[in-house]
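**Student:** This is the structure I have questions about; it appears just below.
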Amino acid sequence: MNNVIECDDVNYDEVSIHIPWAITSFYCNGVIDDYELSEVRDAFRIQQLQSKSWLYNHLKDLDRESKILIVGSWIGFTSYCLFKMGFKNIHETDAEPKHKKLSQWMNRDFPIRVHSLDVNDMPVQFYDVIICTSCEHIENNEWFDKATPKTKMFLQSTNLVLPDHINTVNSIEEFSEKYPLNLEYSGTMKYSDSFYRYMLVGEKM
């Protein structure tokens, strides 16, 4: 079943409250030099907060002791928000090395393991939960194929065409075919008449 929601119907207060802490992390010497203003802006734009809130709403019933891997973790903001939700065993990875330095500083007071590896080089079979809200950035499904059956997955992708979106999908059905799960939830968030974000929640078959 495809649950269609409008982006403006998603309340993102529980995410936006953490932005001041994240922005403060850019004051670390040597961190801000690695980032363009446009990337900082993109990390905290409203569309990002809406999609993250959509995700977090589906994480609320998850066991707080679950061993979680966040794929494409970017600056580490998702990990920080999950820790504030009470999750205690969080790992993250992003192939871009500069994000590791920022995330380690942002999450310096919390037991979050930060990796700078391509997800295809991660031991994904050892995690209870895998979160990837950037499937459009990952060229192939090698990591998904290596994951253990019954691993809980929270996946997002989009139809938005950008130079770094190398694995977009055009419907929730196409997304489900790429990542076959025993679905608990599937949905589409509408941002405009042509821009959509898709989410799948379920266990790997």
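**Student:** Please determine, by comparing only the residues of region 1-18 that are surrounded by 14 or more Cβ atoms within 10 Å (Cβ to Cβ) and not small (Gly, Ala, Ser), which one is nearest to the chain's Cα centre (by Cα). So that I can check it myself, show each step before the final result.
**Tutor:** Pass one, region 1-18, residues surrounded by 14 or more Cβ atoms within 10 Å (Cβ to Cβ): 5, 7, 10, 12, 14-16, 18.
Those still in the list that are not small (Gly, Ala, Ser) too: 5, 7, 10, 12, 14-15, 18.
Numbers: Ile5: 19, Cys7: 17, Val10: 17, Tyr12: 15, Glu14: 16, Val15: 13, His18: 16 Å.
Here the residue is Val15.
**Student:** Among (1) surrounded by 12 or more Cβ atoms within 10 Å (Cβ to Cβ); (2) among the aliphatic types (A, V, I, L, M); (3) out of contact with any Lys or Arg (no Cβ under 7 Å at 6 or more places or on another chain); (4) modelled with pLDDT of 95 or more, there is one condition Val114 misses while meeting the rest; what is its number?
**Tutor:** (3)
Rundown of residues vs (1) more than 11 Å from the chain's Cα centre (by Cα); (2) within 26 Å of Asn141 (Cα to Cα); (3) at pLDDT 95 or above, yes/no style:
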position	(1), (2), (3)
Leu62	yes, yes, yes
Met85	yes, no, yes
Asp94	no, yes, yes
Arg108	yes, no, no
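**Student:** If the requirement is being among the hydrophobic types (A, V, I, L, M, F, W, C) and either exposed (fewer than 13 other Cβ atoms within 10 Å of the Cβ) or over 21 Å from Cys135 (Cα atoms) (or both), which of these qualifies: Leu62, Leu55, Leu69, Leu49?
**Tutor:** It is Leu62.
The values are calculated or read from the model by the stated rules, or taken from the named source; none is laboratory data. Predicted model only: the values in this text are computed from it and were never measured. Ideal geometry is used to build each Cβ from the backbone, glycine not excepted, and the neighbour counts take in all protein chains shown.
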